[in-house]
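One structure is given below, encoded as structure tokens.
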Amino acid sequence: MSEAIVRIKFLAPCLGQVKSPSTQFLFLRDPSGHIVFMPTWHRANMWRASKALSRWHREATSIRWNPRIWYEPGDLDWYQRYMDHKRFALHEAFLPGTEICIGCLLPPRLSCDDLAQLWAIAGKYCGLSPFRHGEYGTFEVVDVSLGVLDPVACS
């Protein structure tokens, strides 16, 4: 298995889903305070994309995902989602144009180009957002490369 870095750029807001006591919705975080996207979300996206492409079914679900994501600290923002004409909810968000990096371990028969194709389909049709997956968080793939994921590689 080889380590790969996927860099995506959001085209629609990616919203947090964890309700705080102050009625704001935040992203899920690990004990050290870093935002995490659950590996099951990526696995579901890759499964759907592999079905759409009619290729790499087993390989797509064999990818091992790093739950922690990397982003520039100033990229985190807030988004007002209107529930009706009188009420709105405030979500922690990655707004359109924000780039994040996601790390994974690729199975031997899956190349970076293959992974880029899977992510391109997932970004166009499924999106990546903890809140209402499929409605928010559409994205485009900026780059998929082999390497070790660290904050410097993603800036």
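If only one of Leu115, Leu128, Leu105 is of a type outside the set (Gly, Ala, Ser) and farther than 20 Å from Ile35 by Cα, which one is it?
Leu115
Looking only at the range 68-89, decide whether some residue is over 19 Å from the mean Cα position of the chain (by Cα) and touching a residue at least 24 places away in the same chain (Cβ under 8 Å).
yes
What number of residues within the range 67-83 are at pLDDT 85 or above and surrounded by 19 or more Cβ atoms within 10 Å (Cβ to Cβ)?
2
Can you tell which of Ser62, Ser54, Ser20, Ser50 is more than 22 Å from Val142 (Cα to Cα) and crowded, with 17+ Cβ neighbours inside 10 Å?
Ser62
More than 25 Å from Val148 (Cβ to Cβ), modelled with pLDDT of 90 or more and either in a helix (DSSP H, G or I) or among the hydrophobic types (A, V, I, L, M, F, W, C) (or both) - does that describe any residue in the range 86-101?
For the range 86-101, residues more than 25 Å from Val148 (Cβ to Cβ), modelled with pLDDT of 90 or more and either in a helix (DSSP H, G or I) or among the hydrophobic types (A, V, I, L, M, F, W, C) (or both): present.
When the residues of the range 24-45 are narrowed to those that are part of a strand (DSSP E or B) and not hydrophobic (A, V, I, L, M, F, W, C), which ends up farthest from Ile100 (Cα to Cα)?
So the residue we want is Gln24.
In the range 84-124, what residues are surrounded by fewer than 15 Cβ atoms within 10 Å (Cβ to Cβ) and either small (Gly, Ala, Ser) or farther than 17 Å from Arg7 by Cα (or both)?
Result: Asp84, His85, Lys86, Arg87, Phe88, Gly97, Pro108, Arg109.
Anything in the range 108-140 that is under 10 Å from Asn45 (Cα atoms) and of a type in the set (A, V, I, L, M, F, W, C)? List them, or say none.
Across the range 108-140, the qualifying residues are Leu118, Trp119, Ile121, Ala122, Cys126, Leu128.
Please determine, by comparing only the residues of the range 46-78 that are assigned to a loop (DSSP other than H, G, I, E, B) and not aliphatic (A, V, I, L, M), which one is nearest to Leu115 (Cα to Cα).
Out of the qualifying residues, it is Trp56.
The values are calculated or read from the model by the stated rules, or taken from the named source; none is laboratory data. Since we're looking at a predicted model, the values are computed, not measured. A quick note on method: Cβ atoms are made from the backbone with ideal geometry, for glycine too, and the neighbour counts reach across all protein chains shown.
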